[in-house]
Amino acid sequence: MAETVFAKILRGEIPCHRIYEDEAVLAFLDVNPISRGHTLVIPKEPAETIDQLSDDASAALGRVLPRIARAVMAATGTRAYNLLQNNGAEAHQAVFHVHIHIIPKHDDGSGLGLVWNASKLADGAALATAIAAAL
């Protein structure tokens, strides 16, 4: 895995505004937030994309995400937020260490904006079968 800013944060070489930390997960404020309270949650296990994470690291992230999201909402007074997790440069991943964004949606409209380019499902049965077989 390439050296990343998150690896440096985990080693204490770069400071951060820590929100939560345990043996497997670190959460801290994004230094370039989309909205007030924008938080990053990262596993301490090095992995570029979520499919490369171990089951234990994935479970550790899943266990703390709801608690951190509730805390972000309470501290910022927001009622809505987005969870964003990108995998690969083509999917807009900029730091190649797994990270989940908690992005509060404020009444002033700040927060994540989306364009959802939906289409019709053409080969659902065959695709579902192929994905299930890959499990």
Averaged over all viewing directions, the convex hull of the alpha carbons in region 20-135 casts a projected area in nm² of 8.9
Quick check on the chain: helices-only [θ] at 222 nm, where DSSP H runs of length 4 and up contribute -39,500 (n - 2.57) each and the sum goes over total residues. Nearest 500, please. -9000 deg cm²/dmol
For region 113-124, just list the computed ³J(HN,Hα) in residue order, Karplus coefficients 6.51, -1.76 and 1.60, θ = phi - 60°, integers in Hz, with x standing in for Gly and Pro. x, 10, 10, 9, 8, 6, 9, 8, 6, 9, 10, x
Everything considered on the Cα gyration tensor (a ≥ b ≥ c; rounded for a/c under 1.5, else prolate if a/b is larger than b/c, else oblate), region 29-69 must be described as oblate
Add +1 for every Lys or Arg and -1 for every Asp or Glu among the other residues with Cβ under 13 Å from the Cβ of G12, and state the total. +2
Cross-link candidates for K8: which aspartates and glutamates have Cα within less than 20 Å, leaving aside residues fewer than 8 places away along the same chain? E21, D22, E23, D30, E45, E48
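Every number here is computed from the coordinates shown, using simple stated rules; none is lab data. All values reported here derive from a predicted model rather than from experimental measurement. Please note: Cβ atoms are built from the backbone with ideal geometry, for glycine as well, and neighbour counts cover all protein chains shown.
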